[in-house]
Amino acid sequence: MGYYSLLTTCAFIHLLVFMPYAYSNYLENKAGQFFSSGHTNNWAVLVSLNKLGFWFNYRHVANTLSVYRSVKRLGIPDSHIVLMLADDMACNYRNPKPATVFSHKNMELNVYGDDVEVDYRGYEVTVENFLRVLTGRLPPSTPRSKRLLSDDRSNILIYLTGHGGNGFLKFQDSEEISNMELADAFEQMWQKRRYNELLFIIDTCQGASMYERFYSPNLMALASSQVGEDSLSHQPDLAIGVHLMDKYTFYLLEFLEEVHPASQANMNDLFKVCPQSQCVSTPGHRTDLFQRNPGSVLITDFFGSVRKVEITKDTINLTSSVKPPIQRSGSSDMTIESLTYVDQLPVAEIIHQKPKQKDWHPPDGFILGLWTLILLVFFQTYGIKHLKHIF
Amino acid sequence: KFSQISRSYDIVCLLGRSYRCKCRPPARDQFQEELVIRPLHSGDIYASFQFRTLWDTDFLQERQKKVSHYRLFPKSLGQVLSKFSVRELHISFTQGFWRTMQWGQPFIPSPPGAELWVWFHHTVSDVDGNWKELTNVLSGIFCASLNFIDMTNTVQPSASFKPLGLGNATDHRFLRYATLPREIVCTENLTPWKKLLPCGSKAGLAVLMKSEKLFHSSFHSQAVHIRPICQDEQCTSKAWELRQTLNVVFDHYTSGQGKKEWSLFKMFSRTLTEACPLASSSKVYVDITDNPELFELSPATHLLSRAVVLGDRRTYSVYDLTRAETFGQLRSFNLLLRWKGDNMLRPLLHAERYVAGFGLQTGEIHTVIYNNHPYRAFPVLLMDSVPWYLQLYVHTLTVTSKSRDNKPSYIHYQPAKDRHRPHLLEMLIQLPPHSMTEVTVQFERALLKWTEYTPDPNHGFYVGSSVVSALVPSMVAMSTNFTQDQPLFSSFVPVKEESSYFVRVYTEPLLVNLPTPDFSMPYNVICLTCTVVAVGYGSFYNLLTRTFQVDEPSPPLAKRLANFIRRIRGVPLLA
């Protein structure tokens, strides 16, 4: 009895002594986990490569918009998404339901929505703009919404859909990008520390050829078809009259609709999306450049924006107080003349408008040459000593 | 909720002033919203939303510290104004063409596509640089391809587009005007536009803006207008005004989808439930001037307002959304209107434009301006901006009215510079009463370099709308007083004299085909490769490997036979 009580008090004293150590260890582990986590922000670059003016390329825009919708739903904000749509399908005059893009037949799901921000549209979707967005080499006046402002702790999702071939992709049916150029662009991104991990998904014909040449680390790639195979479209809608989606992205969308921000689904589940029995083409993937095991990579690492939040109860003092704007002083003392609106069509003033003073330009080469010729001929005929008779 | 908080702040301020507490200064900005619904004689409905934010501050004053506290005015636009020293900014995005003859005059006109014109402050030294950066920043704010505006489609009008705000100096060197007729308007432009409103699309009139209904219309135009205006009647100080306007024309009746009855729910698929709490006034006006007895308006209202707008005295039924009784017991406001008669107010000024000619080398641009006033003549200012690849021949410019030559009293022509500058033609023409004036000019189509073609060159190239600005004589005296209570739709353009009102009419944009080469890839590659191989390599190979040998002609048959026999015999052959 006494032995038991001694043991329990001993254990109790041990616990009391070691508990603070255990607690601080726990805190340190937590802090270590927070700072050593792989990524801190998520970006997405979603590109649709259809040709301008081709209504039956509706499905490429629907593909891109369905990935956009999933990515927004899982938490990535518009400011972190660069959306490039090569043609306007929603407000196209051929669309029987304007301002909508449907992914399922019978108009079940409108992936365009009411809150969409397209960053590059129409003629702006070119190979040059795409590579500039990836590498960050944009002209200085480019607005923020058109830039990929990622850093070395960003996980980036890149999704391309359109028409392609063995080793190249078509942009707007007038330009191509080869798989080597794409691999070099990713290497530039790696050298400039513009990504932590990158997931590349492509839904075109012979899509696997596009990721064959990658050589930068931390890249994972998925394609809808192997080399020599075509990616097929899914179902047509009789009211709209075109095929609405491609098979691979359709099943990808169905898979992503099941994912929610706290989901633990990993990349191995993503590789199983759309087997050959459903897709007719064989989807492929490449993970040899990726350092982590795909089974441990969550879907939300790329498709969502799960943020780690640290809660603090300390108060923070702001540095300077907001001063009220300077009141207009002395306005009642001085007599200010009243301001007036400008006459919209002052006919008399316009008629008597003096011609605009053109800026003075030095005479053109032709005029100078002509004058030189005239002077030369003049001096040759008359000679210099005769000039004094004239002047 | 917001108004309650601000009221409590004001009370606390009044109380706290004696205790020297640090409270907010009284707010110097206000927000008003209104919706005007006008049934058109063709059976369509014209709905015009206007949201106005007035702010008594000065972005461009140097003495004052930079503005950093934004309440109702959107911060993105305020920063743009101060960074680029903008005095006035007008930007509009339009889908569809306004049919003046069927619909009358719009409250705020706009051309198809995107249009941007800006007056810069007179302290700006590099106007072109500021313009370039401003277009890029605006393309990010509105999700539009405004970055395609550059020197090849920007003009500097010399007499049109005078500032609509306060000011005295009008040096046209600080004005820039550009239009993108190809620009598409869709939900991605409406989304950032709605986000600029103080209440967003969550309360007030903006809840009606659902894109699925707004874009299913024959005309849709959204615009942002920023200018300095008089703060009060004495006009001793300036205030900044931001107007966001959205004009829609619904064609349910003409497209055979409904009868001549409509309701807010039918048009917008929403009803109003509350006014924007930040708005000082929130009203819905319905135009009942034409045949008020034949209208059936529900819920009925006794509030009427008479306003002189566009030279005509109109009567409006007013619904005030800031009063709770407007919403009734269901707490939702749905307006219903049925009407039978149609009455048309013929517009006094109307313009058309088209391309004449055939083939891909030459053509002729015809601009036709109609003056429908029975006895008054008035001058109009026609501004044409033609891209450089349509080379105008100004010596072929003719202006005829009533089949007689009509000499303009002012012509300003700036010729184009290939790949640098478009043509600019401005003319002040006096239109005789009840007449049609035709302006024609011939042009030649240029052959572009192969890299300058768009990915879809067979669609054609757009030429922006012409702008006709005029002071049209008014049947009814316009009021020149400026009051705060005036409805927004009648107070956009400042009125200087009572007998005329200012109007701007836009013509159709033109779509011209330029001579387009054949871009099909296999054809070009095969032709080029085979030519190079055949001509280059073939001749080189021949030069290097060909040798010449003397070749004797073959002997006749008899000689050959004789040689054959001689060979058998072993005897030397004949020559």
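Bear in mind these aren't lab numbers, they're just calculated from the coordinates by the rules spelled out. Every value quoted in this text rests on a predicted model; they were computed, and no experiment measured them. Cβ placement follows ideal geometry from the backbone for every residue including glycine, while neighbour counts extend to all protein chains displayed.
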Amide H neighbours of A:Thr282 at under 5 Å, excluding residues fewer than 5 places away on the same chain, with H built from the backbone geometry, are A:Gln226
Name the aspartates and glutamates eligible as straight-distance cross-link partners of A:Lys97: C-alpha to C-alpha under 18 Å, and not fewer than 8 places from it in the same chain. A:Asp87, A:Asp88, A:Glu108, A:Asp114, A:Asp115, A:Asp237, B:Glu188, B:Glu212, B:Asp251
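Taking the Cβ of A:Trp190 as the centre, find all other residues whose Cβ is under 12 Å away and add up their charges (Lys, Arg: +1; Asp, Glu: -1).
Spelling it out: positives minus negatives among the neighbours equals -1.
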Using only atoms on other chains, find how many Cβ atoms lie within 10 Å of each Cβ of peptide B:134-142 and report the average. 4
Share of Cα-Cα pairs in chain B lying beyond 34 Å, as whole percent: 50 percent
For segment B:209-316, run through the GluC sites (Glu not before Pro) and keep only the ones in DSSP coil with at most 13 other Cβ atoms within 10 Å of their Cβ. B:Glu233
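Among B:Phe148, B:Phe268, what is the fewest-to-most ranking by other Cβ atoms within 10 Å?
Going from least to most buried by this count: B:Phe148, B:Phe268.
Can you give the charge dipole size of segment A:41-303 about its Cα centre, rounded to the nearest 20 debye, using +1 on the beta carbon of Lys and Arg and -1 on the beta carbon of Asp and Glu?
340 debye
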My understanding is that a pair violates if its Cα-Cα distance is over 24 Å; which of B:Lys75/B:Lys132; B:Lys162/B:Lys238; B:Lys83/B:Lys132; A:Lys51/A:Lys247; A:Lys170/B:Lys213 do that in this structure? A:Lys170/B:Lys213
Whole-Å distance, taken between Cα centres, linking segment B:392-410 and segment B:548-562: 84 Å
Cross-link candidates for A:Lys313: which aspartates and glutamates have Cα within less than 19 Å, leaving aside residues fewer than 8 places away along the same chain? A:Glu28
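Which of the chymotrypsin sites (Phe, Trp or Tyr not before Pro) across segment A:158-189 are loop residues per DSSP, with 11 or fewer other Cβ within 10 Å?
Taking segment A:158-189 and a limit of 11 other Cβ atoms within 10 Å, no loop chymotrypsin sites (Phe, Trp or Tyr not before Pro) are found.
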Backbone HN-Hα couplings from phi across segment B:184-198 [Karplus 6.51/-1.76/1.60, Hz, Gly and Pro as x]: 8, 10, 8, 4, 5, 8, 6, 4, x, 5, 5, 6, 7, 6, x
Quick one: dipole size for chain B, taken about the Cα centre, charges +1 on Lys/Arg Cβ and -1 on Asp/Glu Cβ, in debye to the nearest 20. 1380 debye
Dipole magnitude of the protein assembly as shown about its Cα centre, charges +1 at Lys/Arg Cβ and -1 at Asp/Glu Cβ only, in debye to the nearest 20? 1060 debye
Using the number of other C-beta atoms within 10 angstrom as an exposure proxy, rank B:Lys417, B:Lys260, A:Lys313 with the fewest first. A:Lys313, B:Lys417, B:Lys260
Between segment B:113-148 and segment A:75-96, what is the separation of their alpha carbon centroids in Å? 23 Å
Give the peptides B:45-51, B:316-322, B:351-357 in descending order of average Cβ contacts within 10 Å, highest first. B:45-51, B:316-322, B:351-357
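What does the net charge come to around B:Val207 if you take all other residues with beta carbon closer than 15 Å to its beta carbon, with K and R at +1 and D and E at -1?
+1
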Quick check on segment B:349-512: take the gyration tensor over C-alpha atoms, sort the square-rooted eigenvalues as a ≥ b ≥ c, and tell me if it's rounded (a/c under 1.5), prolate or oblate. prolate
In whole angstrom, largest first, the equivalent ellipsoid semi-axes that the Cα gyration tensor gives for segment B:417-575 are 88, 18, 13
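Using only the Cα atoms of the protein assembly as shown, construct the convex hull and provide its projected area averaged over every direction, in square nanometres to one decimal.
81.9 nm²
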Expected vector for segment A:111-126, Karplus 3J(HN,Hα) from phi with 6.51, -1.76, 1.60 and θ = phi - 60°, integer Hz, x for Gly and Pro, equals 7, 6, x, 10, 9, 10, 10, 9, 8, 10, 9, x, 5, 6, 7, 10
When A:Asp230, B:Asp384, A:Asp343 are ordered from fewest to most other Cβ atoms inside 10 Å of their Cβ, what list results? A:Asp230, A:Asp343, B:Asp384
